[in-house]
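Written below as structure tokens is the structure these notes are about.
Read the figures in this text as sums done on the coordinates, not as results from a lab. It should be emphasised that the depicted structure is a prediction, and the values quoted were computed from it without experimental measurement. Counting neighbours? That spans all protein chains shown, and the Cβs are built from the backbone with ideal geometry, glycine included.
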């Protein structure tokens, strides 16, 4: 794996607890986590729209959007759900527990997606070492929450 990708992933990972805290504060100010999530996504949409326009990204033909599988439209809903839940959880259980649990959920689902080759992933069979890795991660979350 290229060093650039590792750095990019670490930076994106660092954004997650920061975003959860910022959005939780936004939820406190607006009085509603769904409103805070909507504002967060509006700002993100403006940012991505600006990038697409400035970078000159070309759009595929409209039929591309009408012919793609229905489940490809669900990614945005999943992102909205993730942001919404983080707004609710972060102030109640803290950044480390919130993100630890979310990462644990990501790892469990990742094993399933890899094992069955779902949503475009190549098949990568689950083995005992991968399962132990997820169990260790869950153990880490328990330790973070307890202490």
Report the extension gain between residue 93 and residue 2 in nm, rounded to one decimal, defined as 0.36 nm multiplied by the number of residues separating them, less their alpha carbon distance. 29.3 nm
Mind listing the Cα extents of region 1-40 along all three principal axes, in Å, largest one first? 43, 14, 8
Starting from the Cα of residue 143, step 7 Å along the direction of its Cβ; do the same at residue 35; then give the gap between the two resulting points in nm. 4.2 nm
Given (1) -0.52, -0.69, -0.77; (2) -0.59, -0.82, -0.94; (3) -0.58, -0.71, -0.77 as possible values of log10 I(q)/I(0) by the Debye sum over Cα atoms at q = 0.11, 0.13, 0.14 Å⁻¹, the one from the coordinates is (2)
If you take the Cα Rg of region 94-147 and divide it by 2.2 N^0.38 Å, with N the number of residues, what do you get? 1.26
